[in-house]
Structure formats: C-alpha cells, structure tokens
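K.L.:
Quick one: this structure, given as structure tokens, is what I'll be asking you about.
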Amino acid sequence: MVTTHNLGFPRIGAKRELKFALESYWKGESSLDALKSLGGQLRQRHWINQAALDLAPVGDFAYYDQMLDMSFTLGNLPERVRGFHGDPLDNCFRVARGRSAHAADHSECCGGGVAAGEMTKWFDTNYHYIVPEFTADTAFKLDATRLLEQLAEARAQNVKAKPVIIGPVTYLALGKAKDDSDRLALLPRLVPVYRELLDALAAQGVEWVQIDEPILVTELDADWQHAFRTAYHDLKSAKVKLLLATYFGQLLENQHLAANLPVAGLHLDAINGRDDVLNVLNMLPAHKVLSLGVINGRNIWKTDLDAVLDWIAPLAERLGERLWIAPSCSLLHVPVDLAGEKSLDVQVRSWLAFALQKLDELQVLAGALRNGRDSVKDALQANRNAIEARRRSSRVNDPAVQAAVAAISGALGKRRSAYGQRAPRQAALLKLPAFPTTTIGSFPQTAEIRHARGEFKAGRLDAAGYRTAMHAEIARSVKEQEVLDLDVLVHGEAERNDMVEYFGEQLEGYAFSQSGWVQSYGSRCVKPPILFGDISRPKAMTVEWIRYAQSLTQRPMKGMLTGPVTILNWSFVRDDQPRSASCLQLALAIRQEVLDLEKAGVRIIQIDEAALREGLPLRKSQWKHYLDWAVESFRITANGVADETQIHTHMCYSEFNDIIASIADMDADVITIETSRSDMELLAAFDDFKYPNEIGPGVYDIHSPNIPSQEHIVQLMRKAAERVPAERLWVNPDCGLKTRQWAEVIPALANMVAAAKVLRQA
C-alpha cells in the first residue's frame, strides 16, 4: 500500500491571518498571547486540511522563517541577541527584524534594537530565509521547546505526525561565517545536538522524522560530500526513522551518495529530478523507502494524473509498501485554496490546483494505485478534461507574438554607443552632483492608498475618483522628496499593488487570483500573477502616472518598470514552453513601455531585475544557458533608447560575486543593489572585477524598522568607495519603501541625504 505524506504546508493562512496578526503585534496593537493563539488555530486548521494523509508534517509552521527557527532550536544565536530577557519569540523577531515588538522594554537590559540578520533567497524560490551566522567559537545547545510543543498539539489532535527539520549539512551550507573560519569545522559540534534532538523526538514516540537536505541537488565538492557521510553515520543510531528529503532539482552525481546514506528513506523531487528516479531506485538498498514528489509544489497547474500513473504504476508494483508519494517540495510556495477564487477567469481556474487541491490530487493517485483506476475514474476523467482543454485553448498561443519573437535580431539588444560615450552625455543633461541621491521606486502604501484601491476594485469609486486619489498620493511623494532634497525623484508607485502583478494586469496572457497569496518572508506576502499564454502589451502602462509626477517638479523623475526576468520569475509561469520563450515575449512588451516613456520626455528609466539571480539553476554548470537568455531579455527591453537616456536597474538580496560579469553585460548605466545588511560585503565582487558603470550600494535596510544614522551611512559609503571609484557611486536605500511607514522613511532618507552632503564635502 502506497503511503501519502506532505513535506510542508503554507503557514500564512488562506486569508493571510498570520500576516495580519504579526503586523498587529509588531505595532503594539495586540498581545503576544493573541499572536500565539492565532498560530495554534492555524496549525490546527492545517492539520485538519491534511487529515487524509498517512503522515502530516509537524514543525513546518514558523512565525517568521523555518531556518531562523532551526537556529533557535540549535541554540545558534548571534552574540548581539544573547542574554535577552523577554519571550524567545520576541528574540526571534529581533534577529529577523532588528527589534522586537517591545524594544523599549529591553533598551537597557538587552540593548534594544540590534542589527537584523542577513536575509537571502531560499535556493531558487522567492522565499527568503534569515542566514545562520557562524564563527570559529560557535557552540550549539539544543532547545527543542518549539518543536515538542507543536508535536504535543498534533498528538492532541490525533495527527499522524512526521516532524520536519532542516538537516545539519544544509544548515551549515546555507549559513555564513562571520570570520575566516571553516563552517565544516563546526560539524563535530553540531551533529551531537541533532542526535539529542532526534532522541527527544523518539522519547515522544515519534517513528519518522523528515530531515531536509536540499543542498544535495547542488554541486558538492569532496569535503561537503564527506560531511554528509560523517553526519549521517553519526545519526544512524537514532531511535527514529529518518526520511532524508531533497527537492528543487536533480541529484545527478550525488545520486549514489544520497541513495547510500544510512537513513530509512529518501525523498526525490520527481518534477525537477525525474531522471534521477530509476538510477536511484537501482542503487537504493532493499529495505529503504523511496518517496517520490509527483505533484509540483512550486507551480499551480493541475497535474496530468494519467501521465503520472503511467510512469509510477510499475514502480509501485516493484516497491510495494516502500513507495511513498508526496508533493515535490513543501507547499509553502503555492497559495492555500482555489475554492475561494470566485472572480478568477473560469477557464483558467479550471486548469489550476493550489495547496489543498494538490493534496486532493495526491489522494486520487493513491486511490488509483491502491484500488485501481476505476475506483477514481470520475476524478481522473475530470482531470483529463481540464488537461486537454488547456492544451487546445486558443487563448494560450498567439501567432503574432510568436512571429515577433522569431524576428528578434542581435541588434535589438545593443545600445547605440558604449557606456564611456553615453555617460558624459547623460551627465551634461542631468547635471547631478557627486554621490547623487535617489530611492528605489516605491513609497509607503498608506491606509488612504489601500482604501482608494479597495473602493475602486469594489466599484464604489469610479476611474476619475481613483485617478484623483492616486494623484494626491503622487503629489505627496514628490513634495516629501523635494523637502528632503533628493536629487532624482520617483513618483512613489501609489497606483501599484505589486511590482509584478501591476504589469501583469495590463498584459495579455495573464490571469489573476484574489487570494493566491504566497509568503515571501516574515509577514510579507506576494500574489504572483498567472502567466498562462503568449504575452503582448495592448497599451501604455505607466506613462501617464510618470508624466503627471514629472509635471510637479523640475528635478529628474525616474520612470519605474519591472524587468522581464523578474516578471517571469515572480509569476506562476506556464509549463508548456521554455521559460526563455516567455521571457523574450515579456522583453518585447516592456521594451515598448521603455520607448513610450522616453517619448514622453523621461530621461531616467529604472528597469528592476530584482529576481535575476533568483532564476539561476542550482548547478553552476547550467548557469550560462540561463544567463545568456536572461541578459539578452534585459538588453532587448532596455537598449532601444538614445544615449542621453539613463537606464537604471535594481537587484536586491542576492550574492553577485559569481555572476558579476553577466551583470556588467546587461550594460545598465546605473545598478542599485542591496548591501546594508551584509555591511557592504557584496561589494567584494568588485575587488577583482572592475565594474565599468555606476553603482548605488544600498545604505538603508528597508526590511527593518531601524533608522540608519547619518554616521552609519557615511561609514558604509566610505567602505564602498574603497572598491568603486567615488565618482561612480550613488546613494540609495536597499529596496523600495512600500512596506515602511512615512514616520520611518522621512528621518531615514533625511540622514541619507545629509550623509551624501558630507561625502561631497570630503
């Protein structure tokens, strides 16, 4: 009998309950008890949603981030937050955000606000995690309270519990040494704490523990491969059965390593790593469970159940009870429930499956394997009808768009002149001072903005009234920037609900959910648009808003766009053609917008590619192909303008050192990047690579409520000037300011402008 299980469930709630509870608590509007109560309610509800599974995950729920939770479980706290006298959850928030909800209560005993932990992307997803910090002196000490409490809750609810933890090798691999120490040197200190954790779970009667080691789908050198053998040899005496879970990619050369580690079971991502399955099966010892992730946990299209059954039915006959099936990875990366999507395009909706529907698909597969296909023939027929309808839909393929992509030539992606010739022409036109100041694009999304948008969408405010409301917010942003004395202004993006969804709503080939929210980090959720067909731009999308903002000031106003690679990577993309083909379609559409902005007199245009690195394949050997088409797509978008038009791009929360040459190939006149949380460490890329164009290293961590001082910003910029010539440096925040409050933004930007003036005097 095949076993069904799940690797993880979305924790935010179908209506983003966790988001709103977190933000209410952080603002001091609700209590910690209320937040914890809401967390308990969500866990209870989510276990009910998974009741049909043979094993359900426990410990996958986090108030902020599962990697941060693992750091607390292992007692690996940054020195700056040790000795905190408040609730451990408040200390968790201090690491994640730089302060707890009650910073003033701990200003004397615990130092109040602290530097927030560094945050980066979880493999190639749009989820962010807080990076574990290590030094040569790092010690580990078990605190299993959180996991044991959630296990007790699950047991009280009669959940067939499978605790979920991050594995020791992945935990070390994804962390960062804050000195020159070797992370692997910490393994002998770390593994005993894991063994202690597993023994504590065994003492509670746990049979299976899911231990996630997704780092196995990356290229590992001999030392890291040896670390796996060492760690799991030491853990094999644990009194629980370990299901070692890999996901997001292929094992390839790590197949033998993964198949022969001393664990009771191995989970493979059979969506991204299907080619691994037969090889691993042939290597797998006869006593081990093989779990196959046959439902896509990263995308929202219905599974072709007939196709899955055709290839796993023979495996089920061969493996018998040793076959488990599951989604490919945690369902954290998809929305909770399709049932509430009453306004979604009916035809597109019939092609989709969110988290709950994916679990339903899993049960259909299990029913067919256990009792034959006739036992679930109605469900299979309904699935078959939806799959075929999508294949035959005339809305998916547009011959005119496909012809435009086929006509792309190399000349389309080239600027008229090299940067060395463009730069003086831009300088003469813009007349900016040294260390010019700007922001990344968005300003706070106030209650007034959200109210006007809600009224407009509900039909209670007409288009003219909505335009008036947005004009008022744009005027406010422009006025505040002029008072602050910023050099290059933005319109504030009041009209934009999201930097990707806003554009998708105006492009052909996209559909939109009402409640398709996915967690990005902490309380930050995104609602990815659904790219289902060929892309085209019916009309201009931003020109009128930017033109209005420019009419309010004599200072340069940036046109703000999202680039094709980021729109692609932050969408739920179609799976019936290569991603590169969809990206080129987006490039042609956004190129039209760039040219229309230039015609409207906009002389600085920022094309954000925040997700460029996020789309990198997990294996370096596959990077070149991706970077070739991603960089080409950006250049097609950006490079039709005159030399005098200055092109900016922005990238956030990425390590750039290993792709800096490709970033230079994008040939943007100015690139702005996140560097404040890493204390300018990201600029190490420029030690050996002489980046030819201008750079704005972020100096204001907009994901923390902490306000940077003028002195701190000056210090950061002086560090930057050690690696990048001062005459090519800009001063700007790390990212957009939509998630912050005006009360935080104004003093932070005032300090930023003051710091720039100090730098100019020097």
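The values are calculated or read from the model by the stated rules, or taken from the named source; none is laboratory data. As the structure is a computational prediction, the values presented were derived from the model and not from experiment. For neighbour counting, all protein chains shown are included, and Cβ atoms are generated from backbone atoms with ideal geometry for every residue, glycine included. All accessible areas refer to the heavy atoms of the entire protein, side chains included, with ligands and DNA or RNA removed. Shrake-Rupley method; radii C 1.70, N 1.55, O 1.52, S 1.80 Å.
K.L.:
Regarding the stretch 599-614, can at least one residue be identified that is modelled with pLDDT under 95, assigned to a helix (DSSP H, G or I), of a type outside the set (A, V, I, L, M, F, W, C) and within 26 Å of Ala404 (Cβ to Cβ)?
P.N.:
Checked against the condition, which is being modelled with pLDDT under 95, assigned to a helix (DSSP H, G or I), of a type outside the set (A, V, I, L, M, F, W, C) and within 26 Å of Ala404 (Cβ to Cβ), the stretch 599-614 yields no hits at all.
K.L.:
Go through (1) under 27 Å from Leu7 (Cβ atoms); (2) small (Gly, Ala, Ser); (3) open to solvent by 50 Å² or more (accessible area, probe 1.4 Å) and name the single condition Ala379 misses.
P.N.:
(3)
K.L.:
Can you tell me which residue in the stretch 296-343 is modelled with the lowest pLDDT, limited to those that are within 29 Å of Phe61 (Cα to Cα), of a type in the set (Gly, Ala, Ser) and surrounded by fewer than 20 Cβ atoms within 10 Å (Cβ to Cβ)?
P.N.:
Gly340
K.L.:
Which one of these does Trp629 not meet: (1) under 20 Å from Thr438 (Cα atoms); (2) surrounded by fewer than 21 Cβ atoms within 10 Å (Cβ to Cβ); (3) within 24 Å of the chain's Cα centre (by Cα); (4) at pLDDT 90 or above?
P.N.:
Looking at each condition in turn, Trp629 falls short on (1).
K.L.:
Whether any residue in the stretch 402-419 is open to solvent by less than 60 Å² (accessible area, probe 1.4 Å), among the β-branched types (Val, Ile, Thr), under 26 Å from Gly736 (Cα atoms) and part of a helix (DSSP H, G or I) is what I want to check.
P.N.:
Checking the stretch 402-419: not a single residue is open to solvent by less than 60 Å² (accessible area, probe 1.4 Å), among the β-branched types (Val, Ile, Thr), under 26 Å from Gly736 (Cα atoms) and part of a helix (DSSP H, G or I).
K.L.:
Condition (residue is part of a helix (DSSP H, G or I) and either touching a Cys at 6+ places or on another chain (Cβ under 7 Å) or of a type in the set (A, V, I, L, M, F, W, C) (or both)) applied to the stretch 555-563: is it met by at least one residue?
P.N.:
No.
K.L.:
Further, regarding this structure: Those residues that are open to solvent by 10 Å² or more (accessible area, probe 1.4 Å) and more than 22 Å from His333 (Cα to Cα), I need them from the stretch 145-167; list them, please.
P.N.:
Correct list: Thr145, Arg146, Leu148, Glu149, Ala152, Glu153, Arg155, Ala156, Gln157, Asn158, Val159, Lys160.
K.L.:
For the stretch 532-547, enumerate the residues that are out of contact with any helix residue (DSSP H, G or I) (no Cβ under 6 Å at 6 or more places or on another chain) and either touching a residue at least 40 places away in the same chain (Cβ under 8 Å) or part of a helix (DSSP H, G or I) (or both).
P.N.:
Gly533, Thr542, Glu544, Trp545, Ile546, Arg547 - these are the residues of the stretch 532-547 that are out of contact with any helix residue (DSSP H, G or I) (no Cβ under 6 Å at 6 or more places or on another chain) and either touching a residue at least 40 places away in the same chain (Cβ under 8 Å) or part of a helix (DSSP H, G or I) (or both).
K.L.:
Here's another thing I want to ask about it. Here is a list: Val346, Val336. Which entry is among the β-branched types (Val, Ile, Thr), within 26 Å of the chain's Cα centre (by Cα) and over 30 Å from Trp629 (Cβ atoms)?
P.N.:
Testing whether each residue is among the β-branched types (Val, Ile, Thr), within 26 Å of the chain's Cα centre (by Cα) and over 30 Å from Trp629 (Cβ atoms) leaves just Val336.
K.L.:
Could you please let me know if Leu380 is under 33 Å from the mean Cα position of the chain (by Cα), in contact (Cβ under 8 Å) with a residue 12 or more places away in the chain and assigned to a helix (DSSP H, G or I)?
P.N.:
So Leu380 does not fit the description; no.
K.L.:
Next question. Find all pairs meeting these conditions: Cβ atoms under 6 angstrom apart; at least six residues apart or on different chains; first residue within the stretch 232-243 and under 15 Å from Ala161 (Cβ atoms) and at pLDDT below 95; second residue of a type in the set (Asp, Glu) and open to solvent by less than 10 Å² (accessible area, probe 1.4 Å).
P.N.:
Between residues of the stretch 232-243 that are under 15 Å from Ala161 (Cβ atoms) and at pLDDT below 95 and residues that are of a type in the set (Asp, Glu) and open to solvent by less than 10 Å² (accessible area, probe 1.4 Å), there is no close pair.
K.L.:
Would you confirm, using the coordinates I've provided, whether His650 is at pLDDT 90 or above, open to solvent by 10 Å² or more (accessible area, probe 1.4 Å) and of a type outside the set (S, T, N, Q)?
P.N.:
Numbers: at pLDDT 90 or above: yes; open to solvent by 10 Å² or more (accessible area, probe 1.4 Å): no; of a type outside the set (S, T, N, Q): yes.
So His650 fails the test.
K.L.:
Condition (residue is surrounded by fewer than 15 Cβ atoms within 10 Å (Cβ to Cβ) and among the acidic types (Asp, Glu)) applied to the stretch 254-277: is it met by at least one residue?
P.N.:
Within the stretch 254-277, one or more residues are surrounded by fewer than 15 Cβ atoms within 10 Å (Cβ to Cβ) and among the acidic types (Asp, Glu).
K.L.:
In the stretch 599-622, what residues are within 23 Å of Gly410 (Cα to Cα), crowded, with 18+ Cβ neighbours inside 10 Å and more than 18 Å from the chain's Cα centre (by Cα)?
P.N.:
Passing the criteria: Ile605, Gln606, Ile607.
K.L.:
Please specify each residue of the stretch 28-50 satisfying the condition of being free of Cβ contacts under 8 Å to residues at least 40 places away in the same chain and part of a loop (DSSP other than H, G, I, E, B).
P.N.:
Of everything in the stretch 28-50, those that are free of Cβ contacts under 8 Å to residues at least 40 places away in the same chain and part of a loop (DSSP other than H, G, I, E, B) turn out to be Glu29, Ser30, Ser31.
K.L.:
Tell me, which residue of the stretch 736-750 that is open to solvent by 50 Å² or more (accessible area, probe 1.4 Å) and at pLDDT 90 or above is nearest to the chain's Cα centre (by Cα)? Write out each step before concluding.
P.N.:
First pass over the stretch 736-750, keeping only residues open to solvent by 50 Å² or more (accessible area, probe 1.4 Å): 739, 741, 743, 746.
Cutting the leftovers down to at pLDDT 90 or above gives us 741, 743, 746.
Details: Gln741: 22, Ala743: 27, Ile746: 27 Å.
Restricting to residues being open to solvent by 50 Å² or more (accessible area, probe 1.4 Å) and at pLDDT 90 or above, the top hit is Gln741.
K.L.:
Restricting to the stretch 428-448, count the residues that are part of a helix (DSSP H, G or I), modelled with pLDDT of 95 or more and open to solvent by 60 Å² or more (accessible area, probe 1.4 Å). Before the answer, list the steps.
P.N.:
Step one: of the stretch 428-448, the residues part of a helix (DSSP H, G or I) are 428-430, 447-448.
Applying the additional criterion that residues be modelled with pLDDT of 95 or more yields 428-430.
Restricting the remaining residues to those that are open to solvent by 60 Å² or more (accessible area, probe 1.4 Å) gives 428-429.
Residues flagged as part of a helix (DSSP H, G or I), modelled with pLDDT of 95 or more and open to solvent by 60 Å² or more (accessible area, probe 1.4 Å) within the stretch 428-448 amount to 2.
K.L.:
Considering only the stretch 51-62, state which residues are among the aliphatic types (A, V, I, L, M) and in a loop (DSSP other than H, G, I, E, B).
P.N.:
Correct list: Ala51, Ala52, Leu53, Ala62.
K.L.:
Go through the stretch 708-722 residue by residue and tally those that are part of a loop (DSSP other than H, G, I, E, B) and crowded, with 19+ Cβ neighbours inside 10 Å.
P.N.:
So the count comes out to 1.
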